Structure formats: C-alpha cells, structure tokens
1. Of all residues in region 27-50 being in a loop (DSSP other than H, G, I, E, B) and open to solvent by less than 70 Å² (accessible area, probe 1.4 Å), which is nearest to A65 (Cα to Cα)?
2. Taking the residues in region 57-82 that are open to solvent by less than 20 Å² (accessible area, probe 1.4 Å) and not in a helix (DSSP H, G or I) as candidates, determine which candidate is farthest from F6 (Cα to Cα).
3. Only one residue in T24, T53 is surrounded by fewer than 14 Cβ atoms within 10 Å (Cβ to Cβ) and of a type in the set (S, T, Y), so which one is that?
4. For the list (1) open to solvent by less than 70 Å² (accessible area, probe 1.4 Å); (2) of a type outside the set (G, A, S); (3) out of contact with any Phe, Trp or Tyr (no Cβ under 7 Å at 6 or more places or on another chain); (4) closer than 15 Å to H75 by Cβ, I need the number of the one condition that V14 fails.
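The values are calculated or read from the model by the stated rules, or taken from the named source; none is laboratory data. On a predicted model such as this, the values are computed, not experimentally measured, just so you know. For neighbour counting, all protein chains shown are included, and Cβ atoms are generated from backbone atoms with ideal geometry for every residue, glycine included. The area values use the complete protein model at the heavy-atom level, side chains included, leaving out ligands, DNA and RNA. Shrake-Rupley method; radii C 1.70, N 1.55, O 1.52, S 1.80 Å.
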Amino acid sequence: MYIHAFLFRWQPRVTEAQQERAATEIRALQGQIPGLMETSYGKNISPRSQGFTHGGAMKFRDAAALEAYTTHPVHQKLVTWLMPLLTWPLKARL
C-alpha cells in the first residue's frame with residue numbers, strides 16, 4: 001500500500017459552496033481511479049498546521065496505482081479547477 005497526503009489553504013474569496021464541491025470531488029476520486037482504495041479529506045486543526053487549513057490522505061494499492069493517479073484525466077480535471085482557488089505560496093500538489 002502507498003499513501004499520498006496533501007495539504008492546502010483556501011484563498012479568502014473561496015465560497016463555502018466551492019469548498020463543499022472540492023470535498024465532494026476529492027472523495028469521489030475513489031471509485032473513478034483504479035487502485036485508489038481509500039480517500040479522506042477534511043479541515044486541518046492541528047496546532048502544527050503551518051498555515052495549511054485543509055488536507056487529506058489517499059491509500060493506493062501499489063506504486064503503479066499512485067503513479068497512474070497523477071496523470072489520470074479525472075484527477076487532472078479536479079486539479080485544473082482546484083489549484084486557482086488555493087493560496088500561494090501554501091500550495092501542495094494533490
């Protein structure tokens with residue numbers, strides 16, 4: 001099993017509806033991307049968060065599944081929509 005963790009912070013202009021859409025779409029990757037076995041996403045409330053307000057983790061069957069996820073069209077569509085909503089320089093690749 002391989003784990004992919006991600007953290008980010010929303011831009012101030014991002015609406016609650018956009019945040020909810022992101023949560024829904026991140027969770028929906030499971031079942032659309034082969035080898036993605038588990039997905040979690042939520043608010044980051046750790047006192048060690050270093051400014052990252054949201055994040056999650058994904059578990060993949062193997063290294064090949066994790067690698068294929070990066071370029072999978074469903075993931076790329078989400079990244080294209082999501083990245084402009086995140087605050088720079090606190091961006092992490094999904």
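1. Let us first name the residues in region 27-50 that are in a loop (DSSP other than H, G, I, E, B), namely 29-35, 44-50.
Filter again for open to solvent by less than 70 Å² (accessible area, probe 1.4 Å), leaving 29, 33, 35, 44, 46, 49.
On the way: L29: 13, I33: 8, G35: 5, N44: 26, S46: 29, S49: 28 Å.
Ranking the qualifying residues of region 27-50, first place goes to G35.
2. So in region 57-82, the residues open to solvent by less than 20 Å² (accessible area, probe 1.4 Å) come out as 58, 60, 65, 69, 75, 78-79, 82.
Within this subset, residues satisfying the condition of being not in a helix (DSSP H, G or I) are 58, 60.
Working: M58: 9, F60: 14 Å.
That would be F60.
3. Details: T53 fails: surrounded by fewer than 14 Cβ atoms within 10 Å (Cβ to Cβ).
One residue alone meets the criteria, T24.
4. (4)
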